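Report on the following structure.
FYI, it's all coordinate maths here, none of it is from the lab. Just so it is clear, the structure is predicted and the values come from calculations on it, not from any experiment. Using ideal geometry, Cβ is built from the backbone for each residue, glycine included, and neighbour counts are taken over all protein chains shown.
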Amino acid sequence: MSELLWLPPEVEVWAATAMIAASFATSLITAAFGIGGGVMLLALLAVLLPPLALIPVHGVVQVGSNLGRTLLMLRQVRSGMILPFTFGSVLGAALGGILFVQIPPWVVQFAIGLFIIWSVLGKLPAFGRRHVFASGAFSTFLTMFFGATGTFVSAMVKTLNLPPQEHVATHSALMTIQHSLKVLAFGMLGFAFGPYLFLTAAMILSGFIGTVAGRQILIRLGERYFKPVLSGILLLLAARLLWSAAENFLAQPLT
């Protein structure tokens, strides 16, 4: 059945359907609240995709999602941040590509689980106006391994005290650059994106629809309830990843 829908053999139809729906929901979340969707999508994909395909596929979907959001809010983008962030991101992607190795699946699951917990409970560094280059380099280096580092970039953008629409638009533009460079780096490293083309295209389309819907949501009344619920869901997903990592580690043959 998966072959008829141009899906890779390791991805079942129900899993593909869940990922397409998740792309809609998480894009809606990011468009309405400015952050959170990328990490949540990463956590969901980590349960449904082979570990070695997780970061590259997530990157392609995030390019489409963030690009759509950027185009819808293009007038609100603070263009002065684009060049220094891009130069830093090129450096970070190059360093990450050089150091990228074939990591065991349980390590990927364990690291992402810890990263999600930190993004919810930890105190992220605040990068100011003078640190756009460093923020691009550092966050893009990390995204080669952990996938969703929008929280770092959002922390930097937040220090500029932009109005809500300018914050979301500028953050989306910077994340489009970062994820595009990551996808390019993985392509150069030899990852085959072809088998995932139909799946990623469908997720990008559903994500764009979610972005349009998210812009229409009035968050003033629901925001104080939303953040605790989102944090709770992320923590549950992180716990699921850590459990899977432990199972995979214990299942390894003894040497």
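Need one number: nm distance between label points at ALA21 and ALA94, each 7 Å from Cα along Cα→Cβ, rounded to one decimal.
It works out to 4.5 nm between the two label points.
List, in order, the whole-Hz ³J(HN,Hα) value for each residue of segment 64-76 obtained from phi through the Karplus relation with A = 6.51, B = -1.76, C = 1.60 and θ = phi - 60°; use x for Gly and Pro.
x, 5, 6, 5, x, 5, 5, 5, 5, 10, 4, 5, 8
What whole number of Å gives the distance from the Cα centroid of segment 12-28 to the Cα centroid of segment 154-177?
Between the Cα centre of segment 154-177 and that of segment 12-28, the gap is 25 Å.
For ALA111 and LEU160, compute 0.36 nm times the residue count separating them, minus their Cα-Cα distance, and round to one decimal in nm.
Result: 14.6 nm gained on full extension.
Fully extended, how many nm does the chain gain between LEU235 and TRP118 (0.36 nm per residue separation, minus their Cα-Cα distance)?
This chain segment gains 41.2 nm when fully extended.
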